[in-house]
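Chemist: Take this structure, written in C-alpha cells, and hold onto it; I'll ask about it next.
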C-alpha cells in the first residue's frame, strides 16, 4: 500500500497537498476508493481511503490509526563534516533507513565543500527531501530532521543538553566504541561526530572533548572513508541499544 506524508489532518480525515498530491495523482494515478497509508511525523500512521481528488488537494477518510514500533529505541544523531559530491546524500538516505533521529551538516577545517547563505539553505532543503523519501520507503513514521549547516560552537544549542557525544578518531588507539557505550545512558540522545574526507584536525577533536565532553573512540584497525564511518558507527550504536540485529 502506498505511503504519503500528510499535509493537514482533521477529524477522521486528512489532506495531501503539493508534491504528495502530485505524486498520488500524476505518478501513481490512484483514484477515489483506493486505500493508502498516511503519516504525520507524530509516530502515528493512518490507513485511509481516497474520498475526493481536487485541483490542490486530495481528501482521504481515515479508516484506522496505529502506532507501529518502527522507530529506533535510542535517539541517535549523526553530525557529519561536509563532504563533496553525493556522499552526504548517501549518508542521509542510508542513515534514515537505519533509524537515525537527525543529521547536522558540520563545517570543519578540512572540508572540501563550502556552503554558506542561500546555497546552504537550498542544499539542506534538498537533503530533507531525500530524508523524507527514505523515511517513506523504509516505512518510518517520523522523518529525521536535517539541521542547518552549522559551526562547532552551534552544536550545543542544536541538541538537548543531556546529549552524549562520540567522536570516532583515527588516532584513538585504546578506547573502543563498545567500551564507551557500556558507560552511556541509552535513554539520553547520542550524537556521533564524523569527519569529512580529510578527517578532523586534532584541535577540533580536543574542542569536542573539552566543550562537548565527547568520547573519542576507535572503529577498528582500518581507516574508513567518511561515509563508511558514518554508517558503520550508526549501525553499531543502534545495534548496541537494541534496535538492529
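Chemist: In Å³ and rounded to a whole number, note down the convex hull volume per residue for the Cα atoms of the range 1-115.
Modeler: Spread over its residues, the Cα hull of the range 1-115 gives 136 Å³ apiece.
Chemist: Here's a follow-up. Just from the alpha-carbon atoms, what are the Rg and Dmax of the range 3-66 in angstroms?
Modeler: 10.4, 29
Chemist: If one computes the Cα centroid of the range 187-245 and of the range 1-49, what distance in Å separates the two points?
Modeler: 37 Å
Chemist: Restricting to DSSP H runs of at least four residues, report the calculated mean residue ellipticity at 222 nm for the chain, -39500 (n - 2.57) per run over all residues, nearest 500 deg cm²/dmol.
Modeler: -8500 deg cm²/dmol
Chemist: Also, I was wondering about something else. Relative to the longest principal axis of the C-alpha atoms of the chain, give the angle of the C-alpha long axis of helix 117-137, reported between 0 and 90° and rounded to the nearest 10°.
Modeler: 60 degrees
Chemist: While we're here: For helix 202-211, report the angle its Cα long axis makes with the longest principal axis of the Cα atoms of the chain; keep it between 0 and 90° and round to the nearest 10°.
Modeler: Result, in degrees: 70.
Chemist: Please state the relative contact order of the range 22-154 as a whole percent: Cα pairs under 8 Å, 6+ residues apart?
Modeler: Once divided by the residue count of the range 22-154, the mean separation gives 23 percent.
Chemist: What number, in percent, do you get for the relative contact order of the range 76-240 if the mean sequence gap of Cα pairs under 8 Å and at least 6 apart is divided by its residue count?
Modeler: Numbers: 272 pairs, mean separation 52.7, N = 165.
Worked out over the range 76-240, it gives 32 percent.
Chemist: Output the Cα-based Rg and Dmax of the range 76-240 in Å, rounding Rg to one decimal and Dmax to a whole number.
Modeler: So, for the range 76-240, Rg and Dmax equal 14.7, 42 Å respectively.
Chemist: Go through 152-161, 42-51 and give me the packing order, highest mean Cβ count within 10 Å leading.
Modeler: Top of the packing list down: 42-51, 152-161.
Chemist: Quick check: the angle from helix 87-98's long axis to the longest principal axis of the chain, C-alpha only, nearest 10 degrees?
Modeler: Its long axis makes an angle of about 70 degrees.
Laboratory data are not the source of any read-out in this text; all were calculated from the coordinates shown. None of the values given here were measured: they were computed from a predicted structure. Note: ideal-geometry Cβ built from the backbone for every residue, glycine included; neighbour counts use all protein chains shown.
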